[in-house]
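Reading through the structure tokens given below for one structure.
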Amino acid sequence: MSSTEMPNSDFDRAKELKDFDDTKEGVKGLADKSITKLPRIFIRPPDELAEDLKSHQTHFQFPIIDFRGILGNWYNKEIVEQIKDASEKLGFFQVINHGIPLNVMEGMIDGVRKFNEEDPEIKKKLYTRDRRRKVRFYSNFDLLKSRSVNWRDSLIISANGLDAEDLPKPCRNTTMEYLEHITKLGDKIFRLMSEALGLQPDYLKSLQSAENKTFLCHYYPACPEPEITLGGSKHSDISFLTILLQNQIGGLQVLYENQWADIPPVEGALVVNIGDFLQIVSNDKFKSIDHRVVANSNGPRISVACFFSGSEDTNRPPKVYGPIKELISKENPAVYKEFMVGEYARKFFSGKLDDKSGLDHYKI
Ligand code: OGA
Ligand code: NI
């Protein structure tokens, strides 16, 4: 059987998944063995590979927005217009001159690299999918259930009440520093997004949408057979907003007008994208767009996605979200039901969405 034909029908997939999980060393553990063939669990089903991995968008210009014109709370209408345009059409843009120093960004990436490359025993101790743990490490959150295993490992850090001591040493100080900066930048972007929706600048913040920051720190080792697997499957983000830091390897793609388009890494830039929750509260004005990461024979690719996921429903009283009243009218009725953040996430993580997207599930 060649590796591009039907994979996974004639072997004990469940056992191989479990054996891989039990190593607690993730994909990095395999890459370190200098394998030249991918284990079968990583080979994508033909329907996923049928979508060519290469970008077909030849005339696609990925929007880059310059925040240089923003001074404190003063900003020009032009930036708001650019954000509105990108959020409505593509749901993605990059920002430059956003105020986070290059050395802080590089420090964050470097900390994640060190965590993954230094001592496997630290990683093993953190290996869990228990969402109550503030800091956890795993390869593929849905490994044992999913038919598509991603060529990447992830360190997840919940920033809520995060104490430096909670963090693994190799990325402790760098993460605390990056957190401080990303919090400020998040506030800024939520103000701009509010204005772009025609709302008061503090509107989205008043919904507590900038709360509950979680870092998804991904490590994609160089891949021996990048053409038959993926670094990250197609998905949209369960967040209001995601701000993504990436190193210079590349591989991130967005689905734009049914074609995959590359998001080329730009030195010093951050990628911003709209998540499902902001699509719902904006009543479809802003788009939460599918994206994925292709694997690469170069590596490691390192990225840090900061998810702003809003108020958890463990708070009392729980916060219920729905399309913003100011954005709905007789001509423009609500197209989504109300939801709670934790409830949405639990449905997603337990696979209760029956292969539907969360957005379809909450659609009226
Ligand atoms: C994510 C994601 C992309 C990347 O974590 O949701 O889309 O570049 N990450 O790692
Ligand atoms: Ni994502």
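The values are calculated or read from the model by the stated rules, or taken from the named source; none is laboratory data. On a predicted model such as this, the values are computed, not experimentally measured, just so you know. Every residue, glycine as well, gets a Cβ built from its backbone with ideal geometry; the counts of neighbours run over all protein chains shown.
For region 209-248, the set of residues classified as of a type in the set (S, T, N, Q) and at negative phi consists of Ser209, Thr214, Thr229, Ser233, Ser236, Ser239, Thr242, Gln246, Asn247, Gln248, listed by residue number. Residues in region 80-114 that are part of a helix (DSSP H, G or I), within 20 Å of Thr183 (Cα to Cα) and of a type in the set (A, V, I, L, M, F, W, C): Val80, Ile83, Leu102, Val104, Met105, Met108, Ile109, Val112. If you go through region 247-267 and keep only what is closer than 16 Å to His235 by Cα and among the aliphatic types (A, V, I, L, M), you end up with Leu252, Val254, Leu255, Ala261, Ile263. Go through the residues of region 186-207 one by one and say whether even a single one is out of contact with any helix residue (DSSP H, G or I) (no Cβ under 8 Å at 6 or more places or on another chain), closer than 30 Å to Glu78 by Cβ and among the hydroxyl-bearing types (Ser, Thr, Tyr). Yes: region 186-207 contains one or more residues that are out of contact with any helix residue (DSSP H, G or I) (no Cβ under 8 Å at 6 or more places or on another chain), closer than 30 Å to Glu78 by Cβ and among the hydroxyl-bearing types (Ser, Thr, Tyr). The C-beta contact set for region 304-318 (first residue under 14 Å from Ile274 (Cβ atoms) and in a loop (DSSP other than H, G, I, E, B), second residue within 12 Å of ligand 1 (Cβ to nearest atom) and polar (S, T, N, Q), distance under 9 angstrom, 6+ apart or interchain) comprises Ser309/Thr214; Ser309/Ser239; Gly310/Ser239. For region 281-314, filtering for residues that are within 26 Å of Glu225 (Cβ to Cβ), in contact with a Pro (Cβ under 8 Å, 6 or more places away or on another chain) and of a type outside the set (Val, Ile, Thr) leaves 5. Against the conditions (1) away from ligand 2 (no atom under 16 Å from the Cβ); (2) surrounded by fewer than 23 Cβ atoms within 10 Å (Cβ to Cβ); (3) at negative phi, Ser282 satisfies every one except (2). Scan region 157-171 for residues that are crowded, with 20+ Cβ neighbours inside 10 Å and part of a helix (DSSP H, G or I) and the total you get is 1. Restricting the first member to region 101-120 and to residues that are under 23 Å from Ala269 (Cα atoms), and the second to residues that are among the small types (Gly, Ala, Ser), the beta-carbon pairs closer than 6 Å and six or more apart or on different chains are Leu102/Gly268. Checked against (1) under 15 Å from Leu197 (Cβ atoms); (2) at pLDDT below 95, Pro318 passes all but a single condition, namely (1). In the set Ala164, Ala196, which member is of a type in the set (A, V, I, L, M, F, W, C), without any contact (Cβ under 8 Å) to a residue 40 or more places away in the chain and away from ligand 2 (no atom under 16 Å from the Cβ)? Selected residue: Ala164, the only one of Ala164, Ala196 that is of a type in the set (A, V, I, L, M, F, W, C), without any contact (Cβ under 8 Å) to a residue 40 or more places away in the chain and away from ligand 2 (no atom under 16 Å from the Cβ).
In region 115-137, the qualifying residues are those that are aromatic (Phe, Trp, Tyr) and outside any helix (DSSP H, G or I), and the one that is surrounded by the fewest Cβ atoms within 10 Å (Cβ to Cβ) is Tyr127.
Residues in region 201-245 that are of a type in the set (S, T, N, Q), away from ligand 2 (no atom under 16 Å from the Cβ) and closer than 15 Å to Val281 by Cα: Ser206, Gln208, Ser209.
The single condition among (1) more than 18 Å from the chain's Cα centre (by Cα); (2) crowded, with 21+ Cβ neighbours inside 10 Å; (3) within 22 Å of Lys89 (Cβ to Cβ); (4) polar (S, T, N, Q) that Thr174 does not satisfy is (3). None of Ser209, Ser297 is more than 15 Å from ligand 1 (Cβ to nearest atom), closer than 19 Å to Leu185 by Cβ and touching a residue at least 40 places away in the same chain (Cβ under 8 Å) except Ser209. Only one of the numbered conditions (1) within 16 Å of ligand 2 (Cβ to nearest atom); (2) assigned to a loop (DSSP other than H, G, I, E, B) is violated by Ser154, and that is (2). Those residues that are under 16 Å from Ile109 (Cα atoms) and touching a Cys at 6+ places or on another chain (Cβ under 9 Å), I need them from region 228-255; list them, please. Scanning region 228-255 gives Ile243, Leu244, Leu245.
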